[in-house]
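Peer 1: Take a look at this one; I'll ask things after.
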Protein chains: 2
Amino acid sequence: MNVEQAAKQLEALGNTTRLQVYRTLVRAGEAGLPVRQIQERLGIPPSTLSHHLQRLLLTGLVTQERQATTLICRASYPAMNGLIGFLVDECCADAGCGTQAENAA
Amino acid sequence: MNVEQAAKQLEALGNTTRLQVYRTLVRAGEAGLPVRQIQERLGIPPSTLSHHLQRLLLTGLVTQERQATTLICRASYPAMNGLIGFLVDECCADAGCGTQAENAA
DNA sequence: GCAGTATTTCTAGGATAATCGAATTAACGC
DNA sequence: GCGTTAATTCGATTATCCTAGAAATACTGC
């Protein structure tokens, strides 16, 4: 995980609508959720939701799987773990900041 | 930590330049770093850096302290912990997603 | 008060993003 | 093939962000 990729994912989550979408998907768990259901739960127009979903897909935070006419969306746990790992490792946090790997900056 | 505030902080970190600034500050540790040093290390114009620092300050991710003519910048660990806590709790992650507190969505 | 260094504010440009209605494609059942 | 539901792409508008030079402010030491 490099800085640019991490920034892209953070930016993707750095929007209230997208963060709500993401959180909704996380709570849906393994089963995932059809686009329509997300749309109804959050009350946003289909085109707007589709637009935001694309951004989440591009950064790998969300995956989709087709089931007949509906698209099931799922939060990607590995992606989230990678991002949190970056924040904890590179930018440290909980710990006393003892995990400075490289020192390129 | 509500969704909007979390989104604001994520957005603040969701920019390559700002993420580099933040990472630099975290690595500087408790001692912090003067604005000038950040500017020289990352090679960005003073006005651009100042602009980005304002955004990090507004979200509480960075604090500043004046020492004579120089401003010492420090990464706020509590803020970062709060944000990571939100991601882990509300959006879960490492764990098997067993910490769903509320279910407002 | 003046010179000098540190940092910010002003200003303006170009770029990117957010929103959402309307039109379009995708997939199924009959 | 046609109708229906699901979801996306198109198109246009508005708002916001990023960048950075130039001017202004903040603080100190003399």
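Peer 1: Taking the stretch A:5-55, which residues are among the polar types (S, T, N, Q) and within 12 Å of DNA strand C (Cβ to nearest atom)?
Peer 2: Across the stretch A:5-55, the qualifying residues are A:N15, A:T16, A:T17, A:Q20, A:Q39, A:S47, A:T48, A:S50, A:Q54.
Peer 1: State the number of residues belonging to the stretch A:53-64 that are without any contact (Cβ under 8 Å) to a residue 40 or more places away in the chain and either within 12 Å of another protein chain (Cβ to nearest Cβ) or not in a helix (DSSP H, G or I) (or both).
Peer 2: Residues in the stretch A:53-64 being without any contact (Cβ under 8 Å) to a residue 40 or more places away in the chain and either within 12 Å of another protein chain (Cβ to nearest Cβ) or not in a helix (DSSP H, G or I) (or both): 2 in total.
Peer 1: Out of the stretch B:82-105, which residues are at pLDDT below 70 and not small (G, A, S)?
Peer 2: Those that are at pLDDT below 70 and not small (G, A, S): B:C91, B:C92, B:D94, B:C97, B:T99, B:Q100, B:E102, B:N103.
Matching residues to (1) within 7 Å of another protein chain (Cβ to nearest Cβ); (2) in contact with an Asp or Glu (Cβ under 9 Å, 6 or more places away or on another chain); (3) open to solvent by 70 Å² or more (accessible area, probe 1.4 Å):
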{"residue": "A:L19", "(1), (2), (3)": "yes, yes, no"}
{"residue": "A:Y22", "(1), (2), (3)": "yes, no, no"}
{"residue": "A:G29", "(1), (2), (3)": "yes, no, no"}
{"residue": "A:R41", "(1), (2), (3)": "yes, no, yes"}
{"residue": "A:R66", "(1), (2), (3)": "no, no, yes"}
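For every residue, the table says whether it meets (1) in contact with a strand residue (DSSP E or B) (Cβ under 7 Å, 6 or more places away or on another chain); (2) of a type in the set (A, V, I, L, M); (3) more than 30 Å from A:V21 (Cα to Cα).
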{"position": "B:T17", "(1), (2), (3)": "no, no, no"}
{"position": "B:E40", "(1), (2), (3)": "no, no, yes"}
{"position": "B:G43", "(1), (2), (3)": "no, no, yes"}
{"position": "B:S47", "(1), (2), (3)": "no, no, yes"}
{"position": "B:L56", "(1), (2), (3)": "yes, yes, no"}
{"position": "B:T69", "(1), (2), (3)": "no, no, yes"}
{"position": "B:L83", "(1), (2), (3)": "no, yes, no"}
{"position": "B:L87", "(1), (2), (3)": "no, yes, no"}
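Peer 1: If you go through the stretch A:1-17, how many residues are part of a helix (DSSP H, G or I) and in contact with an Asp or Glu (Cβ under 6 Å, 6 or more places away or on another chain)?
Peer 2: The total comes to 1.
Residue by residue, here is whether (1) more than 11 Å from DNA strand D (Cβ to nearest atom); (2) open to solvent by less than 20 Å² (accessible area, probe 1.4 Å); (3) modelled with pLDDT under 95 holds:
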| site | (1), (2), (3) |
| --- | --- |
| A:L13 | yes, yes, no |
| A:T16 | yes, no, no |
| A:P34 | no, no, no |
| A:L56 | no, yes, no |
| A:A75 | yes, yes, no |
| A:M80 | yes, yes, yes |
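The values are calculated or read from the model by the stated rules, or taken from the named source; none is laboratory data. Here the structure is a predicted model, which is why all the values come from computation and not from measurement. Cβ atoms come from the backbone with ideal geometry, glycine included; neighbour counts cover every protein chain shown. SASA here: full protein model, heavy atoms, side chains in, ligands and nucleic acids out. Shrake-Rupley method; radii C 1.70, N 1.55, O 1.52, S 1.80 Å.
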